[in-house]
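The values are calculated or read from the model by the stated rules, or taken from the named source; none is laboratory data. Everything numeric here is computed off the predicted structure, so don't read it as measured data. So basically every Cβ, Gly included, is an ideal-geometry build from the backbone, and we count neighbours across all protein chains shown. Ligands, DNA and RNA are stripped out before the accessible areas are found, and what is left, the full protein with its side chains, is counted by its heavy atoms. Shrake-Rupley method; radii C 1.70, N 1.55, O 1.52, S 1.80 Å.
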Amino acid sequence: MEIQAGEHRVTALIGASGSGKTVLAKQIARNRAAGGHAVWLTPSQLNTNRLSAQFSELGLTYSFSELVAQSIIHNGVIVIDGFESLNQTGLANLAVLLHRAKTLSGSTPWSFVFTCIVDFWEDTFRALQREYGEELGVEIKPIEFRFENHKSEVAEAFPSLAVILLRSHLAPVFSNLKILDLVLSNIGDDTDPASWIGETDILDWYWGHPLKGLSNKNTLHHQKKIKIFFL
């Protein structure tokens, strides 16, 4: 999926938790970064003005929103992952960012991607509209991951899972990309999934086995999460 320049410079990926919104947003960011810039922001940065503090710590004179306004790039995307978690401060900061990026201008090089849990979209977007002060056109893309469409691919890549993938009662569990990613990221040659009946068994396996085997390097990898990146 790619975000096209056109009538809407803001795209909202909405869906249930674990439906693949963030995965898709990362794909969009990587694609855009290949020929421009991609910026990844989280509510924790926008809600507390941490973004400006981080730029100051780097010795930069201008704020992030000012850099966006003065940018000479031709193709950039700013991803807000977890739009529903923005508080009033975060919404106000996002509104400023949208204005600085000249979102309503047809010549702006920036597009925005929001990921949002579907149940919270309308209320959060209305609150943003109030902060923004103008009509903000948004293209809404519902996201729904269907595990059944990818089951054969997963089974081929992870033969040890082939047997349990045939169990229809586990399809709803693996339809949650967070659970599927948890399993695929931690399964090993010594994993025996034959006894898995439901989500509880998978979580018991995760907490009881893979974490014990994590190297210090992997542990550090899980602890250090980059919240903003330019690619």
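I'd like the FRET efficiency for H169 and R130, computed as 1/(1 + (r/R0)^6) with the beta carbon distance as r and R0 of 30 Å, rounded to 0.05.
Computed FRET efficiency for H169 and R130: 0.10.
Modelled label-to-label distance, L184 and D201, 7 Å Cα→beta-carbon offset: nm?
The two pseudo-label positions are separated by 2.1 nm.
Give K26/K141; K21/K102; K151/K178 a once-over and call out the pairs whose C-alpha atoms are over 18 Å from each other.
In this structure, K21/K102 lie more than 18 Å apart at Cα.
For F120 and D192, FRET efficiency with R0 = 45 Å and r from the beta-carbon atoms, rounded to 0.05?
That pair, D192 with F120, gives E of 0.70.
Working with all protein chains in place, sort I187, I197 by solvent-accessible area computed with a 1.4 Å probe, largest first.
Correct descending sequence by accessible area is I197, I187.
Per residue, how much accessible area does the stretch 89-212 show when a 1.4 Å probe rolls over the protein heavy atoms, in square angstrom?
I get 56 Å² per residue for this part.
State the percentage of accessible surface on the stretch 108-205 attributable to carbon and sulfur atoms; use a 1.4 Å probe and exclude ligands, DNA and RNA.
51 percent
Packing-wise, with mean Cβ within 10 Å as the measure, how do 109-117, 11-19, 26-34, 130-138 rank, highest first?
In decreasing order of mean packing, 109-117, 11-19, 26-34, 130-138 become 109-117, 11-19, 26-34, 130-138.
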